[in-house]
Every structure is written in C-alpha cells, then in structure tokens.
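So the structure is just underneath, and the comments pick up after that.
What follows is calculated from the coordinates using simple rules that are stated; it is not laboratory data. These numbers come from a predicted model, not from an experiment. Neighbour counts run over all protein chains shown; Cβ positions are idealised from the backbone, glycine included.
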Amino acid sequence: MHRSRGLQILQLTPFRKLPWLVHGFSTRPGGVSLLDGRQVLNLGFMEWDTRENVAENRRLLQTALTAENFTLAPLKQIHSDVIHLFSAAPADACKGDASATNRPGLLLAVQTADCVPILIVDPQKRAVAAIHAGWKGTLARIAEKAVGRLRLELGSKPADLLAALGPSIGPCCYEVGADFVTKFTAQFADASGYFDEPRTGDEPNPLQWLSMMPPGHQPPPRNVHLDLPKANRAQLLAAGLCPQNIFPSALCTACRTDLFFSHRREGVLSGRLLSVIGIRQ
C-alpha cells in the first residue's frame, strides 16, 4: 500500500522494482468528493458528484504517484473487447475497454467498481496495457486479446509479461443467473471451474442442478457464483503468460466497501476506482 497526501494506493512489488514504470490501483479513502458524509476519492463522472471534484481527485491521484506530467488517457468503457493502441495522447476518450502503449508520458486508465482491472507490463519492450474486464469483456476474451495485441504490434513475448489483477468482486459475492454457466461453457473448456453454487453447507456437490433428469422434472436453475478473477487468470495463462508472473488480488470490492467502491453492493450511489499504468520519460 502506497500512502501519499491522504490517499491509499495499491501497488505491486514486482512492478515497483521497475524505476521507469508508474502504476497504481486507487482506493476509496481520501479525495474531495462527499458520499454518505465522508470524503472519498471518486474518480468517475457520477451523477451524485461534480465534474470539478472528479477532476481534482484525478489530479490528486497523479500527484500521489508523482505522475503530474503524464497525460491521463481514460476510456469510454462499453463492456466490449475493443482494444486501443496509443502512439500519442488521444484528443478525446475512445470507446473501448483496454489500451496499450510503448510511449512514455501516457497514463493508461480503466475505471471499475466490481469488474476486474488488469495492468500488464512488458519489462523487456517497455510496453504496458490496462484492461477493464467485466463479465461481458471476460466472455469476449479481452485479456487474452490484449496480450495478442502486445505480441503482434509491440513485439512482446507473453512469457516476459507481468500481470496484476486488481481488487474486484470476488466469487464470495458475485452471484449470477444459472444461464451464465451456459454462456461461459460455450466459450471456455474449463468454465465449470469458474462457478460454484451459493452454499448452505448441505449441498453434496456444486452445480448440482446440472442433472440428467427428464424435461419437466428438473428443479428450477439456481443462481451460481462466478469467479471473474479466476476466469481472467485462465485467459492470461492461455495467452502464454507464466503462472508465476500473474498476481491476482485477494481483495473483494463488495466485501470491503470501507476500502473500495462496489456497484453490486452500493448501487447508483457508488463511486469509481481508477487503475493506471504508464511509462516515465
């Protein structure tokens, strides 16, 4: 945890060893926005907050990271597999859910409030990427495709890449409809391992509703819990990253609303976290 100017920013130790790299996963405390009578570091343009507050919060974040001279390059996120490769600062925010660059001075950024933020760095080619992976982006393999863009366009070797999966909603709290199992098993051979039923302690087997009973005699499908971080880690492995180079967070945004924002837990009166990565001049 990096603490600066009243902010608490999560950083990964292997990333911190690279002097040319700036990165961080923001947290809730600090900032100039007011939510439930408390000051929070809201970094997304929400209806309950002012644009001036968000701009100041973003400035505070960059200052805390000693990245004042960077150009922040957030995206208009649309829960897609659209990936932008930036060779210069975009004039306006681009629609998409991942970005990559090998140019110094750009601070790539993704907003989350439960979805999985993924920061990738190539220590050999000095290239970086930021990924927003909700369930739709995960289903569209955005993490795997982002590694592919780094490999094809910036010359990265997947085995050289380091990936940090930031705080997101965990399988403990991410309850989804049973139809999600069908969606994911249609795309991923190991998808059954991403799910588990809510437990009461009495169930002998997870996903027990997937039975071979005749039509009309099956119990109604029960909701299941989806492990988004696990699904995205599997994609990174499939893309060629080494297991020891993938660093998932154990922090659940829905469990820890004292430290993070969670749309699932808080609804519209939630803020947005910002995960950033860039290359120093």
Run the helix sum for the chain: -39,500 (n - 2.57) per DSSP H stretch of 4+ residues, divided by residue count, reported at 222 nm to the nearest 500 deg cm²/dmol. -5500 deg cm²/dmol
Considering every Cα-Cα pair within region 1-128, what fraction, in whole percent, is farther apart than 20 Å? 46 percent
Under 22 Å between alpha carbons: how many lysine pairs meet that in the chain, if sequence neighbours fewer than 8 apart on the same chain are excluded? 16
Sort 26, 80 by Cβ crowding within 10 Å, fewest neighbours at the top. 80, 26
Viscosity 1.002 mPa s, temperature 20 °C, Stokes-Einstein D of the chain from Kirkwood C-alpha radius, µm²/s: 110 µm²/s
The chain, relative contact order [Cα under 8 Å, separation at least 6], %: 24 percent
